[in-house]
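Readers should treat all values here as calculations from the given coordinates under stated rules, not as data from a laboratory. Quick caveat, the model's predicted, so the values are computed rather than measured. Note: ideal-geometry Cβ built from the backbone for every residue, glycine included; neighbour counts use all protein chains shown.
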Amino acid sequence: MNHPDTQLIFEKSRPGRRTGFLPDADPIPLDAFIPRRFLRKTPPRLPEVGELELVRHYVRLSQKSFSIDTHFYPLGSCTMKYNPKINEKIAALPGFSRLHPHQPPEEVQGALLLMHELQEYLAEIAGMDAVTLQPAAGAQGELTGLMMIRAWHDRQGQKDRREVLIPDSAHGTNPASSTLAGYRVHSVKSNRRGGVDLEDLQKKLSPRTAALMITNPSTLGLFEREIVRICDLLHQAGAQVYMDGANMNAIQGITRPGDFGVDVMHFNLHKTFSTPHGGGGPGSGPVACKRHLEPYLPVPRVVKAGDRYTLENDRPHSIGRVKSFYGNFGMHVRCYAYIRTHGPDGLRRNAEHAVLNANYLKSRIAPPFKVAYDRRCMHEFVIDGSPLRKLGIRTLDVAKRLLDYGFHPPTIYFPLIVPECLMIEPTESETRETLDAFADAMTRILEEAKRDPELLHQAPHTMPVKRLDELKAAREPIVRHEPVVSVPQPA
Amino acid sequence: MDYIPNAPDDVASMLSAVGASSLDELFAGIPENIRLKRPLRLPQGFSEQELWAHMVELSARNLTTDSHRCFLGGGAYAHFIPAAVEQVAGRGEWVTSYTPYQAEASQGSLQAIFEYQTLICELTGLDVANASHYDGSTALAEAVAMSLDASERTRVVLSSAVNPQYRAVLRTLFRHSGLEVVELQAPDGATATDGVADLAAQAAAVVVQSPNYFGVVEDLAEFAKAAHAGGALAIASVNPVCLGILESPGACEIDIAVGDAQPFGIETSYGGPWCGFMAAKKHLIRRMPGRMVGQTVDASGRRAFCLTLQAREQHIRREKASSNICTNQALMALRATLTLSGLGREGVRRMATTCVQRAHELEKELAALPGVRRPHSAPFFHEFVIQTPMPVPEFAEKLARRGFLAGVDLQRDYPHLPRAVLLCATERNTRQDVQALAAAAAEILQEKA
């Protein structure tokens with residue numbers, strides 16, 4: 001039997017145990033309301049536990065995961081910054097959390113005002129004209145933006161534009177979203193400086209090109225110096241520029257996508273504006289666009305009419321609805337609070353200190369580590385881990401050993417164009433002491449790699465479990481608990 | 001205000017370490033002509049104290065399901081949320097962690113998702129579940145995508161009694177894929193089954209919702225039979241609460257069940273964030289989108305959990321992926337896990353039973369009022385439709401003035417149901433609430449007459 005600390009809630013279940021959450025139902029047989037043939041024959045095998053067991057089980061589990069509140073978490077491209085406690089308290093106010101989405105606009109003027117203002121704030125930060133808050137995550141924002149581009153081209157009769165160009169350093173969601181929007185994807189090479197290879201771009205640009213999807217700053221943590229020229233090239237060819245806003249934390253208040261030529265982009269509120277990642281979601285991926293794309297934004301739109309706010313559905317060119325209701329409103333509330341806290345100066349300072357921390361950390365660990373495309377970085381930088389190969393060490397080993405030092409590893413093996421890479425984004429929230437301690441750990445791990453590679457191969461040594469057999473998990477997938485059926489003994 | 005710890009001394013020494021003379025110089029890589037030369041036009045920053053006061057004021061401009069007695073449904077449900085769920089799910093360790101890519105440092109998150117997947121399988125009576133979707137609408141669209149992927153067909157047969165918003169999302173997300181949608185009518189509230197098997201013969205899937213948008217319990221077994229007769233998959237969108245008492249989709253031979261776990265411990269929060277779920281028969285596992293947690297062992301042979309079957313996902317397959325989903329709704333799934341585990345098998349049955357009882361009490365009271373008509377007679381779960389002589393917005397406004405949130409208007413989506421209101425009751429509504437709403441409705445309709 002598994003130790004209580006490793007048991008599933010199902011294994012702690014004992015018949016007849018219960019919590020006191022709900023009152024008893026009335027003793028009326030259900031078939032008085034619903035025909036017997038629709039009723040369940042066997043109840044679902046849900047756990048039966050008391051409230052303390054429930055609480056202790058999930059509190060214990062929470063302690064088996066790293067989090068920003070407990071650990072430095074320098075995941076590149078994820079912007080793991082501090083999630084202010086006040087924003088959680090605000091989002092839990094009944095005046096926000098206990099709103100039913102079918103309430104008419106007159107009953108929720110505070111909520112609609114908040115959404116309308118947030119749309120304006122994001123438009124200003126992006127240098128764009130209009131915003132929708134509806135997409136539930138960055139990937140959904142990408143799809144929304146691409147569908148808007150397609151609708152715009154289609155309306156002009158340009159139905160042959162069915163290709164999207166994507167730099168080879170891009171997130172996997174970019175090509176996946178393009179395919180879903182009905183586009184064929186062509187990859188554009190990066191040049192030796194980590195920017196877009198203009199020659200390759202021009203070679204692939206054609207009358208069939210609908211858009212370029214670019215991440216700027218890129219996933220290498222570099223600002224694309226030729227961005228204006230790139231946008232011009234696309235526009236001259238009748239195509240549009242979509243920007244993946246994953247890395248907006250580096251440039252908010254410094255430069256604006258709308259000002260350097262981008263037509264449509266998404267924000268990741270869970271990155272730039274600190275809505276908590278929650279163990280992998282919920283996210284929120286608002287889309288901002290220039291005036292010419294506004295008619296295609298999803299419905300409903302939150303609009304202001306006089307001093308009242310309302311929801312507008314009647315928009316004939318809209319691509320339609322991408323999610324039920326109005327998006328992840330709870331995340332909008334946190335984002336609004338975050339922007340109101342920071343104001344124009346605070347947001348700009350976030351960018352400045354995110355970039356300062358990244359450059360400082362880079363200076364502390366390279367050398368001895370090798371930075372890919374080594375020049376001044378923005379909010380993150382990428383280490384090329386391939387020199388460690390000659391010691392028999394892979395980046396995965398370094399990452400696992402970092403856990404023993406109490407650090408969550410950086411993003412590994414992404415972007416795909418740098419071998420054995422580690423992508424490091426410290427964010428503006430961290431102290432210099434934390435950055436120093438991380439750099440020291442990295443340096444020590446490098447020494448360990450030379451002295452005792454086995455120590456790394458076996459890492460981690462201090463976690464609740466040792467390294468996992470992930471191959472087995474994929475080969476014989478077990479994605480649910482199967483209770484052991486006890487055979488009743490004859491009386 | 002901001003949350004930056006760097007003091008002026010830190011900045012000076014860090015700048016010197018990187019060889020820059022100012023913070024501004026760090027941005028030299030951005031061409032001068034595209035730098036923003038002015039501050040962003042945003043309101044000046046707040047201290048926490050000022051922010052709190054502002055947000056409390058803003059929140060007070062909304063009516064809530066606490067300030068009023070709520071009888072709204074239509075895809076979002078106000079249920080009781082236990083304190084233990086709020087407190088435990090609100091812990092920073094849960095709230096501020098990231099996707100569990102580093103399994104050894106994420107066993108807590110991974111085990112919780114594994115338990116969530118198991119709970120969803122148990123409720124739906126199906127074999128496998130994934131780690132969650134944005135919401136029920138996108139989960140349904142992904143299920144349809146799976147069916148298209150699994151067949152060479154481009155048609156789906158879709159009940160018109162599926163949540164209109166879900167159908168709208170489906171239309172948007174498949175705009176460019178040549179999907180042909182054939183809609184089934186629901187004259188008596190239940191979707192008509194005649195001819196479905198014939199339609200299914202050219203369809204990738206037959207899609208129904210139970211309880212449907214009118215609250216009516218659909219005959220899932222009948223639809224599954226018709227779908228399979230035509231070689232199509234059977235997809236059901238279900239309110240998971242009803243599965244405490246109604247036959248599971250799996251037992252009805254449904255292939256893919258989707259829905260939203262919002263009723264289990266997740267705030268209505270004006271429409272999100274919620275928790276779309278998906279469960280399916282075993283043979284569909286490699287076609288399922290999204291994150292999935294699997295059980296394995298660690299190097300010393302102990303049970304452990306990790307993200308698995310990632311070869312399906314966009315970060316590996318890129319343009320060849322059949323879905324672009326990247327995140328799941330882990331924190332929301334955790335709330336559902338806590339709620340379901342706390343309710344247990346008896347609690348979920350109790351919750352569902354009370355919903356049925358309250359809704360039927362309410363229906364009986366309202367249907368007896370003069371001028372009120374019930375367009376449907378089919379069995380229902382915890383929602384039902386009435387037609388009154390009064391336009392719905394007016395009816396709803398008068399109820400709001402008497403302290404009730406009620407009146408989902410069906411006319412926009414179902415023009416054949418003029419002045420039709422969708423009402424819902426849950427365990428949060430007491431018998432006194434039900435009687436009070438009936439009395440208020442009687443008064444309002446009498447004034448009108």
Around B:ALA203: net Lys/Arg minus Asp/Glu count, Cβ-Cβ under 9 Å: +1
Share, in percent, of DSSP beta bridges within the protein assembly as shown that are antiparallel, nearest 5: 55 percent
Violating pairs (Cα-Cα greater than 20 angstrom) within the set B:LYS398/B:LYS448; A:LYS271/A:LYS466; A:LYS85/A:LYS271; A:LYS159/A:LYS204; A:LYS370/A:LYS390; A:LYS64/A:LYS271: A:LYS271/A:LYS466; A:LYS64/A:LYS271
In degrees, nearest ten, helix B:330-367 long axis to first principal axis of chain B (Cα): 30 degrees
Sequence of A:GLU163, B:GLU383, A:GLU476 once ranked by neighbouring C-beta atoms within 10 Å, starting from the fewest: A:GLU476, A:GLU163, B:GLU383
Three-way shape label, chain A, alpha-carbon gyration tensor, a/c 1.5: oblate
Neighbour cut-off at most 11 other Cβ (10 Å), DSSP loop, GluC sites (Glu not before Pro), the stretch B:141-189: B:GLU152
Principal axis box of the stretch B:83-337, alpha-carbon based, largest edge first, Å: 56, 41, 31
Among B:ASN324, B:HIS133, B:VAL206 - extreme Cα towards positive end, dipole of the stretch B:83-337, charges at beta-carbon: B:ASN324
Relative contact order of chain B, defined on C-alpha pairs under 8 angstrom at six or more residues apart (%): 20 percent
In the stretch A:295-351, the chymotrypsin sites (Phe, Trp or Tyr not before Pro) that fall in loop regions by DSSP, at most 14 other Cβ within 10 Å: none
Total charge dipole magnitude, the stretch B:22-113, about the Cα centre, Cβ charges on Lys, Arg, Asp, Glu only, Debye to nearest 20: 400 debye
Ascending count of other beta-carbon atoms within 10 Å, so fewest first, for A:LEU361, A:LEU402: A:LEU402, A:LEU361
Sequence of B:GLU363, B:GLU25, A:GLU470, A:GLU380 once ranked by neighbouring C-beta atoms within 10 Å, starting from the fewest: B:GLU25, A:GLU470, B:GLU363, A:GLU380
Simple Cβ-charge dipole of chain A, Lys/Arg +1 and Asp/Glu -1, about Cα centre, in debye nearest 20: 880 debye
Shape category assigned to chain B from the gyration tensor of Cα positions, a/c cut at 1.5: oblate
Farthest toward positive dipole pole in the stretch A:17-129 [+1 Lys/Arg, -1 Asp/Glu at C-beta], among A:SER97, A:LEU122, A:VAL59: A:VAL59
Beta bridges by DSSP in chain A, antiparallel share as percent, to the nearest 5: 55 percent
On Cα atoms only, tilt of B:164-173 relative to the major axis of chain B in degrees: 50 degrees
Span-rule helices in chain A, defined as complete DSSP H runs reaching 20 Å or more along the axis (Cα) with Kyte mean at least 0.0: A:109-126
Estimated translational D of the stretch A:177-263 in µm²/s (Stokes, Kirkwood radius over Cα pairs; 4 °C; 1.567 mPa s): 97 µm²/s
Chain A - mean residue ellipticity at 222 nm from DSSP helices (-39,500 (n - 2.57) per run, n ≥ 4, rounded to 500): -10500 deg cm²/dmol
Within-10-Å neighbourhood charge of A:VAL299 [Cβ basis; K, R +1; D, E -1]: +1
Alpha-carbon centroids, the stretch B:110-150 and the stretch A:31-54: separation in whole Å: 20 Å
GNM flexibility winner over chain B from B:HIS133, B:HIS176, B:HIS376 (Cα, springs under 10 Å): B:HIS176
Sorted largest first, extent of the stretch B:1-144 alpha carbons per principal axis (Å): 64, 45, 34
Nearest-20 debye value, the protein assembly as shown charge dipole, Cβ charges on Lys, Arg, Asp, Glu: 1140 debye
Overall dimensions of the protein assembly as shown as given by Cα atoms, namely Rg and Dmax in Å: 27.3, 91
Cα gyration tensor, the stretch A:111-256 - rounded (a/c under 1.5), prolate or oblate: oblate
Helix axis angle, B:392-401 relative to chain B longest principal axis, alpha carbon, degrees: 70 degrees
Sum of side-chain charges, A:SER324 neighbourhood, beta-carbon under 11 Å (Lys, Arg +1; Asp, Glu -1): +1
Lys/Arg +1, Asp/Glu -1 at C-beta; chain B dipole; positive extreme among B:PHE384, B:GLY407, B:ALA20: B:PHE384
P(r) weight above 25 Å for the stretch A:349-475, C-alpha pairs, percent: 24 percent
